[in-house]
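Quick notes on the structure that follows.
The values are calculated or read from the model by the stated rules, or taken from the named source; none is laboratory data. A quick note: this is a predicted structure, and the numbers were derived from the prediction, not measured. Every residue, glycine as well, gets a Cβ built from its backbone with ideal geometry; the counts of neighbours run over all protein chains shown. Areas reflect the complete protein model, heavy atoms only, side chains present, ligands, DNA and RNA absent. Shrake-Rupley method; radii C 1.70, N 1.55, O 1.52, S 1.80 Å.
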Amino acid sequence: DLRGGGGDQLMKTTPLTTEVEAEGSKWFPVRRSELPQFASMTGMMFLFIYVFTTVHDTKDTLVVSHCGAEALPLLKLFGTLPCTIAFIALYSKCGTFMDKQGLFRLTLVPFFVFYALFAFVLYPFRENLNFMGNSLETSSSPLLALLRHWTFSLYFVVSEIWASAGIPLLFWQVSVFNIRYIL
């Protein structure tokens, strides 16, 4: 079996044991030697998409039911846009001096810490944490409603950043690095 190395040089490789091992089956074209990595990448992709779907559906429901649908454009413009730009700038800066694995963990851990904090602290104690109390209950301003329900606004912004960083950035960075490592 000859494979191209670089330029006109050819490298001889040892033939694989069986054709099924080399090619995989027709219906499942993954070699046996690739199964552990395939299983871990599939599991990671499933978890990323599960978290994405869960927070995507939840963030819209929380904000629309408490602040109104008219608050979404304001929150995306004044909350999500600046925070996403800051996230990408910070990620790029950290990427210049950190290795890929450290950068992946540094980026992933704050999201999970926030979601755990939201599930066990911010959401259960939301009535005590909304700092404007009931004084703005009758206000019809979407901006004031977003400030009153700042816990849901923060959840929305973090979830939007997860949507743009979780799968497109983190997962594909890891998968491309791992595939390049195997090849």
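Points worth noting:
- Set side by side, the residues Q101, Q37 differ, and just one is surrounded by 14 or more Cβ atoms within 10 Å (Cβ to Cβ) and either modelled with pLDDT under 85 or of a type in the set (S, T, N, Q) (or both), which is Q37.
- Residue that is nearest to A119 (Cα to Cα) [pool: residues in the stretch 44-75 that are of a type outside the set (A, V, I, L, M, F, W, C) and open to solvent by less than 30 Å² (accessible area, probe 1.4 Å)]: K59
- Restricted to helices (runs of 4 or more DSSP H) entirely inside the stretch 116-175, those with at least 2 residues that are within 16 Å of K76 (Cβ to Cβ), at pLDDT 95 or above and under 22 Å from the mean Cα position of the chain (by Cα) are 150-165.
- Exclusive hit being more than 18 Å from V157 (Cα to Cα) and either open to solvent by less than 40 Å² (accessible area, probe 1.4 Å) or among the hydrophobic types (A, V, I, L, M, F, W, C) (or both), set F118, F125, F78, F114: F125
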